[in-house]
There are 2 protein chains.
Amino acid sequence: MSRKRGGGRAGNAARRGTASIEQMPWRIPVNTDRPTEPLDEDGVQAIHDGAMTILEDIGIEFLNEEAIALFKKAGCRVDGTNVRMDRAWVMEMLGHAPAQFTITPRNPDKQITIGGKHIIFGNVSSPPNYFDMEIGKKVSGTRKQCADLLKLTQYFNCIHFAGGYPVEPVDIHASVRHLDVVFDKMTLTDKVAHAYSLGKERVEDVMEMVKIAGGLTEEAFQATPHMYTNINSTSPLKHDIPMIDGCLRCARRGQAVIVTPFTLAGAMAPVTMAGAVTLSIAEAVSAIALFQYVRPGTPCVIGTFTSNVDMKSGAPAFGTPEYMRATQMTGQMARFYGLPMRASGVCAANVPDGQAMWETSNSLWSAVQSGTNIVYHAAGWLEGGLIASPEKFIMDCEVLQMIQRYMEPEITATSPAEIALDAIRDVGPNGHYFGIEHTQKRYETAFYQPFASDWRNFEAWEVAGGVWTAERAHRIFKDIMASFEAPEMDEGIREELEAFVARRKEEGGAPTDF
Amino acid sequence: MSRKRGGGRAGNAARRGTASIEQMPWRIPVNTDRPTEPLDEDGVQAIHDGAMTILEDIGIEFLNEEAIALFKKAGCRVDGTNVRMDRAWVMEMLGHAPAQFTITPRNPDKQITIGGKHIIFGNVSSPPNYFDMEIGKKVSGTRKQCADLLKLTQYFNCIHFAGGYPVEPVDIHASVRHLDVVFDKMTLTDKVAHAYSLGKERVEDVMEMVKIAGGLTEEAFQATPHMYTNINSTSPLKHDIPMIDGCLRCARRGQAVIVTPFTLAGAMAPVTMAGAVTLSIAEAVSAIALFQYVRPGTPCVIGTFTSNVDMKSGAPAFGTPEYMRATQMTGQMARFYGLPMRASGVCAANVPDGQAMWETSNSLWSAVQSGTNIVYHAAGWLEGGLIASPEKFIMDCEVLQMIQRYMEPEITATSPAEIALDAIRDVGPNGHYFGIEHTQKRYETAFYQPFASDWRNFEAWEVAGGVWTAERAHRIFKDIMASFEAPEMDEGIREELEAFVARRKEEGGAPTDF
């Protein structure tokens, strides 16, 4: 299946859809804030030592036979599915992982950098359900809704990559779902795409489609990451068969891997945040060590999804103080291991209201504070990830744009022109700064301009209909849908993608067990 | 008017109203996060040098004649109302200001500490209008609504002081308004109170009422701060007559003073954030230097209210990226001068919805990041301070409680018991942590418990009525009002307060010019 054509790049050039709103330009933000670090050096050592002790003495279960064989070959102590590994070996393997790498999608202008001080954001991924203000209730996801959310993913420059399915289109049979959604993703967006590690066909099909869309030979595909997969461990202490399989397939072909344990403190992890983070670190680095063994230098990211449950109901909670601290602690550990880090934009709220935004703000700001490099679910997430919502997507993008603006160094520049003593002297005690040259020269770019926030006073807002934020977001959503233009794609590439999908559907797609 | 009785304290003991919700205990949070500092050392020096140059070369207008005489006496260069002061003198004066102090209200258990790593929160202050979900529109404030918001101020342990009027009760004549509201404040709350510096009668009356409520002699009153005033400069470059007068009255009697320039970048201040902060610093320290000259050691706080306007409309914006950075920059300057700092919980939103919470979250988290010591308007603020809302108050208190919880060091503790290796070993790869002893011993206090957030899944939430956050907050507001019990007050003190109010009303209260 190697691609012969090296061309097609020209047709992949970025072309934005008709602007429905004024938004900020595409940019990979650089987070220059010193991370918030709740752990002292002893604390970092304690978690590291705890994680290493888990790996050495307790071991991690790897259900994947190939992984077991690899661990044996590497000299780890294997007992059935239980793998124990020495910290020296683990640290040696982690030492191979790059601290920073890029992923290049079909439009090279949309290349993302993961690591260092960069922070990038992606769409909500994998909710089975959908809510919007027009439907007004929770419904099962469809391909149409998934495509709409992909259009938002493409439309907003503050969304840097297309993560998992923004909503699971349950109206498509699971055996061919990945083919249709990835086709939609490849044609509706030109941003970095993701493959679910849920069986070899799904991973391999996505890799082929990314190759086709990018007009890449196998050699070019393998030369640098063009896509990635993200896996969760089966906490506590376990990695399942297909996820490790998918990662091994990606790693061997030079693609990127994110390992994100889902360690809910009090449920699948200790009730203490240090315990939950320690378990998460052990699970993540055990897999990353394996991938480094298989292919030293594999681009890997350590993910955190440590939150807490509601101890009254057992329901997961998100954007809590505990979640924030766990994210910051994991950030410290990621830097300790020299690995890029993933966190999320999450909430427990069911609708795009005040709770949704304080919980999401908490989680997004903790991503900033923790030095997170890649933020999953940064737009559109509700109900602990069970619902995707376009209104929430729009609202979150306002917050993301503010974070992007927050990171622009111009705001805090202190040259004489910015200290503005001449203007202060000229305006004196009786004037104002509205019309003066110092203001005129700068006012168009001096401040963040919102698109979803309404800054009018109450009376003007009321005359305009008194529209609350979620409803305003709905209108913006509709406007964007009405004016959306897909990014350009070479017709030949599009036909090749269609042909691939048709052939793979004929072959039955991916096996399902239902 | 000095009080003869030293007693009455017993009756002032804290007694909480019947609990309508489970809330966190009263506590003065300690913010151990290293502040976020966007300025390097040169940047701090540039703003300092800019502010000092303003004071030395441009000067600040002081309309208050007493202040002018004092500046002359201190050797400053006075030209009409323009005062220029040397940086050496300013820095000498600032050197007298305490880095930390306490204010003790009638209930000494509700003493607050301002400075160091402490962070405390107060109610929204001074909106002329009110909005609640039952009324559904913006209306002029009344004494009843003001009292309701004072009850919320008292009820929530995460609210540490009663700032200005939580809504301006415009149904009371301005000449006696302060008497009625301060009477309500003294009887409905036992927390630290504030006096508006709007004419000598208002300030002196509040001081007398604080003395009566606390059963204090004049000597005891002056021995340590029991209340405070907060003033704004008239930016750019000006301090008006009554505000400086009120501060001088407070300073001379040992009470605390907060100086908060209102420097909207692009309107009353330079369009550049460094310029707006520089102007703000100059205005604030000019007044604080005066108060230190009058009474060295006067407890002073440097306030920030630097935000930006919407350059399309000129309307003020709040909780913006520029606001956050200005707050952080001011935090650096406050530490440079060794002064405690005040910031705010603010938004431009008109109703308690998503925008309200992302803007307020931005402002509150920037208060945390900046090392702010006292946060004004932390609960209940809407429409850039023109509206007070009980629902917003409730919603903000949820965020404040999360911030308080976020600051509890237990969350990030890393002792062996918290790393929990034994539990991880015992549970192994096939169990969960719900029922185990390690969880059972901790689960009641392990995680933040919300009171306004709804963590149920969508279906359970829908069955319970599908209530959005603002409406839930309204119900909580009603519950608290229904069960509110005022803190205990000695009957003799209450009568004395009533008599004072009656007498001062007979005397005509405070003069008004309308």
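Where a number appears in this text, it was derived from the coordinates with a stated rule and is not lab data. Keep in mind that what you see is a predicted model, and the values were worked out from it rather than measured. Note that we place each Cβ from the backbone using ideal geometry, even for glycine, and neighbour counts take in every protein chain shown.
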What's the average, rounded to a whole number, of partner chain beta-carbon atoms within 10 Å of each residue's beta-carbon in B:467-478?
3
Which lysines does A:Lys441 reach when only Cα atoms under 17 Å apart count, and residues fewer than 8 places away in its own chain are ignored?
B:Lys312
Inter-probe distance in nm under a simple model that places probes 7 Å from Cα toward Cβ, at A:Gln222 and B:Thr142
7.9 nm
Mind grabbing the base-10 log of I(q)/I(0) for the protein assembly as shown at q = 0.05, 0.09, 0.10 Å⁻¹? Debye formula, identical points on the C-alpha positions, no solvent, two decimal places.
-0.32, -0.99, -1.18
Sorted from largest down, give the three principal axis spans of the alpha carbons of chain B, whole angstrom values.
80, 58, 46
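What number comes out for the charge environment of B:Thr113, summing +1 per Lys or Arg and -1 per Asp or Glu over other residues with Cβ under 15 Å away?
Result for the local shell: +4.
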Share of Cα-Cα pairs in the range A:173-308 lying beyond 22 Å, as whole percent
41 percent
Difference of contour (0.36 nm per residue) and Cα-Cα distance, B:Ala499 to B:Asp109
137.7 nm
Quote the charge dipole size of the protein assembly as shown about the Cα centre in Debye, to the nearest 20; the model charges only the Cβ of Lys and Arg (+1) and of Asp and Glu (-1).
540 debye
For B:Glu66, inter-copy label distances in nm, listed shortest first [label point 7 Å out on the Cα-Cβ vector]:
8.3
Residue among B:Ala74, B:Thr445, B:His432 farthest towards the positive dipole end of the protein assembly as shown, charges placed on Cβ
B:Ala74
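What does the net charge come to around B:Thr81 if you take all other residues with beta carbon closer than 11 Å to its beta carbon, with K and R at +1 and D and E at -1?
Values: positive: B:Lys238; negative: B:Glu61, B:Glu65, B:Asp79, B:Asp240.
Net local charge, B:Thr81 excluded: -3.
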Under 16 Å from B:Lys505, Cα to Cα: aspartates and glutamates that are on another chain or at least 8 residues apart:
B:Asp171, B:Asp180, B:Asp184, B:Glu201, B:Glu204, B:Asp205, B:Glu208, B:Glu495, B:Glu496
Interatomic Cα distance distribution for the range B:358-468, bins of 5 angstrom, percent:
2, 9, 14, 15, 14, 14, 12, 11, 6, 3, 1, 0
Which GluC sites (Glu not before Pro) in the range A:64-149 sit in a loop by DSSP (not H, G, I, E or B) and have at most 16 other Cβ atoms within 10 Å of their own Cβ?
A:Glu134
Compare the peptides A:115-121, A:490-496 by average per-residue count of other Cβ atoms within 10 angstrom and give them in order, highest first.
A:115-121, A:490-496
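Just to confirm a number: summing +1 for Lys and Arg and -1 for Asp and Glu over residues other than B:Gly303 whose beta-carbon lies under 13 angstrom from that of B:Gly303, what do you get?
Working: positive: B:Arg342; negative: B:Glu283.
For residues surrounding B:Gly303, the net value is 0.
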Using just the helices of chain A, give the 222 nm mean residue ellipticity in deg cm²/dmol: DSSP H runs with n ≥ 4 each add -39,500 (n - 2.57), and the total is spread over all residues, rounded to 500.
-13000 deg cm²/dmol
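Among all helices in chain B defined by DSSP H, which have a length of 20 Å or more along the axis from Cα atoms plus a Kyte-Doolittle mean of at least 0.5? Mind showing how you got there, number by number?
On the way: long enough: B:174-188 (21 Å, 0.44); B:200-214 (21 Å, -0.27); B:273-294 (32 Å, 1.53); B:321-337 (24 Å, -0.79); B:354-369 (22 Å, -0.36); B:390-406 (24 Å, -0.16); B:469-483 (21 Å, -0.37); B:491-506 (22 Å, -1.03).
In chain B, the long hydrophobic H runs are B:273-294.
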